[in-house]
1. Can you pull the accessible area of TYR571 for me, 1.4 Å probe, Å² to the nearest 10?
2. I'd like the Kirkwood hydrodynamic radius of the range 170-326, using the inverse of the mean 1/r over distinct C-alpha pairs, in Å.
3. Along the three principal axes, how long is the range 122-176 when you take its alpha carbons, biggest first, rounded to the nearest angstrom?
4. Enumerate the calculated ³J(HN,Hα) couplings along the range 453-466 in order (Karplus 6.51 cos²θ - 1.76 cosθ + 1.60, θ = phi - 60°), each rounded to whole Hz, writing x wherever the residue is Gly or Pro.
5. What is the ratio of the Cα radius of gyration of the range 219-306 to 2.2 N^0.38 Å, where N is its residue count, to two decimals?
6. Would you please name the GluC sites (Glu not before Pro) within the range 586-676 that are DSSP coil residues with at most 16 other C-beta atoms within 10 Å of their C-beta?
7. Sum up the charges of everything whose Cβ sits under 12 Å from the Cβ of PHE585, counting Lys and Arg as +1 and Asp and Glu as -1, but leave PHE585 out.
8. Show PHE534, PHE585 ordered by accessible area, largest first, where the area counts protein heavy atoms only and the probe is 1.4 Å.
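The values are calculated or read from the model by the stated rules, or taken from the named source; none is laboratory data. It should be emphasised that the depicted structure is a prediction, and the values quoted were computed from it without experimental measurement. Here the Cβ positions follow ideal geometry from the backbone for every residue, glycine too, while neighbour counts run over all protein chains shown. The area values use the complete protein model at the heavy-atom level, side chains included, leaving out ligands, DNA and RNA. Shrake-Rupley method; radii C 1.70, N 1.55, O 1.52, S 1.80 Å.
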Amino acid sequence: MTLLQINSFAAGNWIAPDSAARPIEDAVTGAVFAQAGNGALDVQGMLDYARTVGGPALRAMSFHDRARMLKALALHLGKHKQALYDLSFRTGATQADHMIDVDGGIGTTFVFASKGRREMPDGQVYVDGDTEQLSRNGSFLGQHIYTPLQGVAVHINAFNFPVWGMLEKLAPTLLAGVPAIVKPATATCYVTELCVRLMLDSGILPEGALQLVSGGLGDMLDRLTLQDAVAFTGSAHTALKLRSAPHILENAIRFTAEQDSLNGSILGPDAQPGTPEFDLFVKEVCREMTTKAGQKCTAIRRIIAPEPLVQPVIEALSARLAKTVIGAPELAETRMGALVNSSQKRDVLEKADIIKTEAERVFGNPGDFTVTGADAAKGAFLPPMLFHCADPDTAQRVHDTEAFGPVSTVMGYRDLDHAVALANKGQGSLVASVITRDPEVARQVALGAGAFHGRIYINNRDSMKESTGHGSPLPHMTHGGPGRAGGGEELGGIRGVKHYMQRTAIQGSPDILTAIGGNWVPGATELVSKEHPFTQRFHDLQIGQTLHTAPREITLEDIEHFATFTGDTFYAHMDDAAAQRNPFFPGRVAHGYLLLSFAAGLFVEPNEGPVLANTGLDNLRFMQPVSAGDSIKVRLTVKKKTKRNDEYGEVRWHVTLTNQTDDLVAEYELLTMVAY
Ligand code: NAP
């Protein structure tokens, strides 16, 4: 049989495997069907190509350009996902598993595309937080900004999610403006190779933005610089080896590690048999044990139940696991496919034997189980295996041995503190879950276990229909965990993009900060035009463009009219003596909302024009009371522009209201949609 040749993509060329290639097994038949790896790969050439061709091309684009590029990629992959599904069956994964890997990866790319457009500017600098006032009169300010790293991101991925594992790293990297070299695990690199081919053939990516290493990385990591970053997913063992390399340490090269972890799920004391929570717990644990044949970094490895419920949990779980059809992944009735290859199966059995030194096997016999539609002796099939550890306090192996397959251990807890202590015995996990309807139980677990876990998932009858699952990392939420889990963090919306950028504290005058950040900073030059800014279209408005209005006096009649008209007859506006007893007011004062309404009346341009709608106010503060006889005037300045589509964009205006002695009365940001 001729072997499928899994190529690398280096400096614009597809490179076939050579004599250094490693064999790749079909998970279901056990036959070697492919090979990958080229000992002569020019890794320096790949790094140079990314740094000199891909990086400059990506950095020339704005965040919005790159977000649109991600959306186009996701749409393109969506059209070709059947080819990815078809190939993925060889990894042992079922159709339901493909939904997590292929659809999950595409969905993650869509989320970053959308967040990039909504939450990042249409420019090249991402401003982090407000300005800091560093001087008495505001002529010298501070601001934090992010700019993209000027090197390359090397992504080293685990075998279990050949598509999602790549895309969850690639989407934030490309959005940041950094090119990537992807190195999938050899065992499943043929699926990643197809996905990379699809993306490259689409012509959507600029040249040099994406390269692929199928097989070994050679000495690429020894050639990285301070402008590069490594994002690793895999075992704690490999992570330690790679991150402790002298070159990585000496040059302080960013190294993010997502490793294995001994995730726990706690059954709340309120979740007695017969409650929806008990059934939910059993369902979630069963799903986590069998999805991807348990080869999920977030899978539930430790099942933590109240001591009196240990036996009922074992019985209910065993009954459910017994219904799991193990078989050929492409069969519709199969609920659990094969592990990725025979070596992974051997590894899981060895780890299960270690767990067995401290726990008794209560379900699943690897020597006796049924496989539907495939040869159990040839494929990497295993049954789900459930263990019971009677003494989880003195046990250690059940808390630190990750059998990366369908293996989990039940253990009992005496009280909630004990449950939290057991969860934390994993020494840092990606996720802990608690199934409870009692908010106090949830609060105690969050407080006690938060510092040990990257994510805490709480579920009960109220949320179960829409909940996303203990084991599903979401692009909106951070993924990663402390200690044993690697100490890394990925995803989490725009937080995930920042891992590929440098945060820099910029100090300077308001004009300088405005020029760098692209947002108008209070104190910077105001551009006062003859035309009213509301008569100008989105693309004609300039950052800093300002309108100063005439003043308007506030009368007692205005205050009383507004009070009776709106029904807001709060005593501070109506009763002088009562208002004076209040520490904030000199006597009767105008309503804050009256001032806002008058402000709108002062700055509005009433005729039909490019301003389409007022969509909100942010950061509103009333600083000083306004009494009858005072007057207010308004300054309105274009602070930030965000194009939404070809028809309109959002304009954020910085607005101040000042009184007759120029004291600040109110400040806010006004949001409008303006025609493009
Ligand atoms: P692994 O053996 O540690 O391999 C991970 C990656 O490292 C693979 O791409 C592997 O490539 C590469 N690698 C190994 N040695 C290397 C070296 N000397 N230089 C450069 N790269 C090297 O892990 P795995 O077996 O693929 O995945 C299973 C493990 O990953 C489990 O422990 C699981 O918990 C963990 N995992 C964690 C997460 C998470 O997000 N935290 C997600 C999924 C999986 P080769 O395949 O070519 O050797």
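1. Approximately 90 Å² for this residue.
2. Details: mean 1/r = 0.0519 Å⁻¹.
Final number for the Kirkwood radius of the range 170-326 is 19.3 Å.
3. Principal-axis extents of the range 122-176 (Cα, largest first): 57, 20, 19 Å.
4. Per residue, the Karplus-derived 3J(HN,Hα) values read 9, x, 8, 10, 10, 10, 9, 7, 4, 6, 10, 5, 5, 9 Hz.
5. Numbers: Rg = 19.4 Å, N = 88, 2.2 N^0.38 = 12.1 Å.
Its radius of gyration relative to the 2.2 N^0.38 Å reference: 1.61.
6. On the way: sites: GLU608, GLU647, GLU650, GLU667, GLU669; in loops: GLU608, GLU647.
Filter output for the range 586-676: GLU608, GLU647.
7. Details: positive: ARG581, ARG588; negative: ASP575, ASP576.
Taking every other residue near PHE585 into account, the sum is 0.
8. Numbers: PHE534 15, PHE585 60 Å².
Solvent-accessible surface, decreasing: PHE585, PHE534.
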